[in-house]
Amino acid sequence: MLRYLIVPVVAWGAAAWSADVQPTAGPLGETFTMNLKDSERTFVVHNGTSYLVTKPEDFTDHDFLNGKDVMLVAKFQRGQNDRIWIYKPDDLEVDAAPELWSDRVDGDNLYLFGRLAWDNDQGHAVLKVAASAQAPSDTQWINDRLKGVAKDDYDGRLKIAIQVRDQGPIQGNPDWWLQQSDALLTHLIADAAAEAEASKNAALLAKAIGWSIDVQKDPVSAARIASAPWLRTEGGKDADDIALRMRRMGMDLYRSQWHPRAEALSMEYDDRFAALGWRDAEGFYRLGRWADANAESLPQAKDRSYRAYQAGLKADPSHPGIRRELGLELNTGETTVVDAGETRSEYRDPTFNIAVRSPVTWRRGEGALEGIRWEDPASDTAYISVRFADLDKIAFPDEWTQVTAKARGLPGFTVIDEAKPDQQATTAHLHYSCTEDNLERLGSIILQEDATTKFAVIIEGSYVDEEKEHIIKALDDVLAHVIFPANRPVKDPKAVAAPAAPAAPAPAAP
C-alpha cells in the first residue's frame with residue numbers, strides 16, 4: 001500500500017538572530033514510498049513523473065541509480081550553455097538547458113528532476129535535467145531553527161551556531177557557512193555581555209569570554225569583553241578567574257584594557273618615552289633598562305632600548321650607566337665641585353695637569369677629540385670646548401695663527417671682533433660669524449697662556465645670534481675658572497725623556 005507524505009524542507013542558511021521569520025513552503029507535491037533494495041525510499045511526483053528522492057550515499061552505487069528518474073537537492077554554483085556545476089556531489093555532470101538555471105546565483109538551493117545515467121567513457125554519472133525548482137534557501141533553514149529559541153537562551157543559540165559552522169563541509173560552500181556562524185556567535189556573545197553588564201553577572205560574562213576564546217577563536221574580542229570597567233569594580237572570584245585566564249593567554253592589562261602582552265608593552269614604552277623630559281637622562285636610562293628586561297615579549301626591544309639610551313646620552317653625555325650600555329668609555333678626569341654655592345663639573349687634563357670648570361648646569365658632551373666639551377642644556381646646538389697646548393717651542397702669535405686657521409677657512413667667515421696677540425700678550429680672542437647649511441652661525445675662540453709653565457688653554461664656543469650674550473658670558477666664566485699647575489711638571493708633557501743609559505766602565509789600567 002502506498003503511503004503519502006510531505007517531504008520536509010531541507011535547506012540551510014543564516015541571518016541575524018530573529019524569532020519572527022517564517023519558513024517558506026517548498027514546491028514538492030504528492031509523494032509516496034516503496035521498498036528498494038530492502039530499504040524504504042521516497043518518491044515525489046513532479047509534472048506527472050515520479051522521481052526517486054536521492055541520498056548522498058546513492059551516488060556510490062553506479063548500478064542502483066543508472067537509468068532512473070531521480071530528484072536531487074543541489075546547491076547551484078555556476079552554469080554555462082547546457083551545463084551547470086553544483087557543489088555536491090562534485091563528480092556529477094549535470095546537463096540542463098539555460099532556461100532552467102539562467103536566473104540562479106551561486107549558493108541557490110535547487111530541486112533538480114531528471115534521468116541519471118552512468119557514462120563509462122567519462123567515468124562518472126550524468127544527470128539530464130528535465131525540470132528544476134527553487135528549494136528553500138540556506139538562510140531559511142537557520143531562521144526556522146532560531147524561531148523556536150528565545151533570545152536569552154544562550155546555550156540554545158550556541159548550539160545552532162555550531163551546527164551552522166559544521167554544515168560548511170557538508171554543503172560545499174564552507175566560507176559562507178563560517179561567515180554566518182561567526183555572525184551568530186558575535187550576536188550571541190554581544191547579547192550575553194550586555195546582559196551580564198546590566199545585571200553585574202560576572203559568571204555570565206565569563207561564559208561569553210569562554211565562547212569568544214573556545215568557540216569563536218577570537219582572543220581579541222575576549223580581551224575587549226574582559227575589559228569591562230564594572231567587572232573590576234565589582235570584583236569577586238569570577239572577576240579574578242577572568243583576569244587569571246587573560247594572563248594565561250598572554251594578555252596584560254594596560255590603560256584599563258586587556259591587550260596581547262607585546263602590544264601592551266609597546267604601548268607602555270611609547271607612553272613612558274613621551275612622558276620623559278628631554279633632559280631626564282636617568283629616566284631614559286631606566287626606560288632602556290626596562291626595555292632590555294622585557295626583551296622576550298617587547299617587539300624590537302633592542303632598538304627601543306637603544307633609542308632610550310641615545311636620548312639619555314643627549315641629555316647627559318657623562319651618565320655612566322648610559323655610557324656603559326652603549327659601550328662607550330666612561331668619562332675620566334671629571335669630578336663635581338661646589339664653587340660659591342654652585343655645582344660645576346671640573347675636568348683635570350692628565351697630561352698638562354690643568355683644571356677647567358664648566359658653566360653652571362652645563363653637561364659634558366660628545367665629539368671632543370681632545371680636552372673636553374660641554375653642552376648647554378637650554379640649547380639644542382650651543383657648546384663650549386676646551387683643549388690644551390704647550391707653547392714652550394712656539395711663539396704666542398704663531399700659535400694663535402694655527403688655532404684660528406680652521407675657523408678662518410669656514411664658508412662665509414666674517415670677523416666680528418678680534419683681539420690680536422703680540423709677543424708680550426698672554427690672552428687673545430676672536431668672535432666671528434660663518435655659514436652652516438645656509439644658516440648663519442657664530443663662533444668664539446679664546447687662547448690664554450700661562451707665563452710660568454708655558455702651557456695654554458684654547459676655549460672655543462659655537463652658538464646662534466640669539467644666544468650670543470649668554471654664551472659670551474659662559475666663555476668668560478670658563479676662562480675665569482682655569483687653574484694652571486704651579487710649575488711645569490716635565491719639559492715635554494707629551495714625551496717623558498727616557499732614562500739615561502748606564503755609563504761605560506772605565507778602562508783597566510795597563
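The values are calculated or read from the model by the stated rules, or taken from the named source; none is laboratory data. Predicted, not measured: the structure shown is a model, and the values here were computed from it. A quick note on method: Cβ atoms are made from the backbone with ideal geometry, for glycine too, and the neighbour counts reach across all protein chains shown. These area figures cover heavy atoms from the full protein model, side chains too; ligands, DNA and RNA do not enter into them. Shrake-Rupley method; radii C 1.70, N 1.55, O 1.52, S 1.80 Å.
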Hull surface over four for the Cα convex hull of segment 127-177, reported in nm², is 4.7
Rounded to a whole %, the carbon-and-sulfur portion of the accessible area of the chain at a 1.4 Å probe is 50
Quick calc: nm separation of the 7 Å Cα→Cβ label points for Leu326 and Tyr254 -> 2.5
Reported to the nearest 10 Å², Trp290 has, with a 1.4 Å probe, an accessible area equal to 50
Counting as exposed only trypsin sites (Lys or Arg not before Pro) in DSSP loop states with no more than 12 other Cβ atoms inside 10 Å, the longest exposed-site-free span of the chain is 38-216
Counting only protein heavy atoms and rolling a 1.4 Å probe, one gets per residue an accessible area for the chain in Å² of 54
In this structure, among Lys68/Lys147; Lys88/Lys159; Lys88/Lys151; Lys55/Lys147; Lys55/Lys151, pairs with alpha-carbon gaps over 32 Å are Lys68/Lys147; Lys88/Lys151; Lys55/Lys151
Counting every C-alpha pair in the chain, the percent lying more than 44 Å apart is 56
Cross-link reach from Lys454 to lysines, straight Cα distance under 18 Å and at least 8 residues apart if same chain, gives Lys393, Lys491, Lys494
